[in-house]
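A quick write-up on the structure given underneath.
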Number of protein chains: 2
Amino acid sequence: MNALGKHLLLELKDCNKESLNDLSFLKSTLLAAASEAGATVLGESFHQFNPQGVSGVVVITESHLFIHTWPEYGYAAADIFTCGNSVQPEKAAEFLIEKLGCKNHSVQEIPRGILDTQ
Amino acid sequence: MNALGKHLLLELKDCNKESLNDLSFLKSTLLAAASEAGATVLGESFHQFNPQGVSGVVVITESHLFIHTWPEYGYAAADIFTCGNSVQPEKAAEFLIEKLGCKNHSVQEIPRGILDTQ
């Protein structure tokens, strides 16, 4: 099966709650995850919510990474969307899981752009 | 089933190829889609690729929308991730499908953050 993009959906439960509410930590971690994957960063946008929670997106040449956190539940949703064969999104996933102290995770891989013309 | 977030994955085939390579059009369309859903925009990041293709993310209070386009195939991958009951992501999806002149689409809904504690 030949797809234009590979999309990893990470369900990250039982994470370190303090880390999930730390914008600075999450930004540096997501940027480092992009680097782990071998991706080239084009831009980022992070936002802290009140009373808690962070949303962050890193746009890469090869697509994007994002994270949305719910510190009150120790939960984060993260996506790693890449295209091309020069990047290794699985490395970014492993890195995120470790850095967030996640003790209960699942990763779903969804191919994107399966075209008849390919 | 009670989930923290609703994630719509749109596979958009047979779209208008010119629209898929028009950063300005795509930015205004994604921002308008967020508005259609009743979402509050926090930030955006769009990038034009050479020789073609655009990646764009709109971060909203309720999570995010993104689009990645492959004009050469008339294809775009778009995601609409929302949380809370105040927004209607399906309206954003319908809006995108129409504005891109998409003649062949599929929408997959994935619940995010199904927690035991909810």
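Test residue B:63 against the criterion of being modelled with pLDDT under 95, among the small types (Gly, Ala, Ser) and crowded, with 24+ Cβ neighbours inside 10 Å, and give yes or no. Yes.
Screening residue A:70 with (1) more than 8 Å from chain B (Cβ to nearest Cβ); (2) among the hydrophobic types (A, V, I, L, M, F, W, C); (3) under 17 Å from residue A:16 (Cβ atoms) gives one miss only, at (1). Considering the stretch A:5-33, the residues that are open to solvent by less than 60 Å² (accessible area, probe 1.4 Å) and under 14 Å from residue A:64 (Cβ atoms) include one that is farthest from the other protein chains (Cβ to nearest Cβ), namely A:33. Restricting A:38, A:74, A:84 to those that are without any contact (Cβ under 8 Å) to a residue 40 or more places away in the chain and on the phi > 0 side of the Ramachandran plot reduces the list to A:84.
Hey, can you tell me all the residues within the stretch B:1-10 that are of a type in the set (Gly, Ala, Ser) and not in a loop (DSSP other than H, G, I, E, B)? If the condition is that a residue be of a type in the set (Gly, Ala, Ser) and not in a loop (DSSP other than H, G, I, E, B), then B:5 is the only one that fits.
Given the residues A:38, A:53, which is the only one that is farther than 22 Å from residue B:76 by Cα and surrounded by fewer than 17 Cβ atoms within 10 Å (Cβ to Cβ)?
Working: A:53 fails: surrounded by fewer than 17 Cβ atoms within 10 Å (Cβ to Cβ).
Step by step, each of A:38, A:53 is checked, and only A:38 is farther than 22 Å from residue B:76 by Cα and surrounded by fewer than 17 Cβ atoms within 10 Å (Cβ to Cβ).
The values are calculated or read from the model by the stated rules, or taken from the named source; none is laboratory data. Everything numeric in this text was worked out from a predicted model, so none of it was measured. Here Cβ is always computed from backbone atoms with ideal geometry, including for glycine, and neighbour counts include all displayed protein chains. These accessible areas exclude ligands, DNA and RNA; they are computed on the full protein's heavy atoms, side chains included. Shrake-Rupley method; radii C 1.70, N 1.55, O 1.52, S 1.80 Å.
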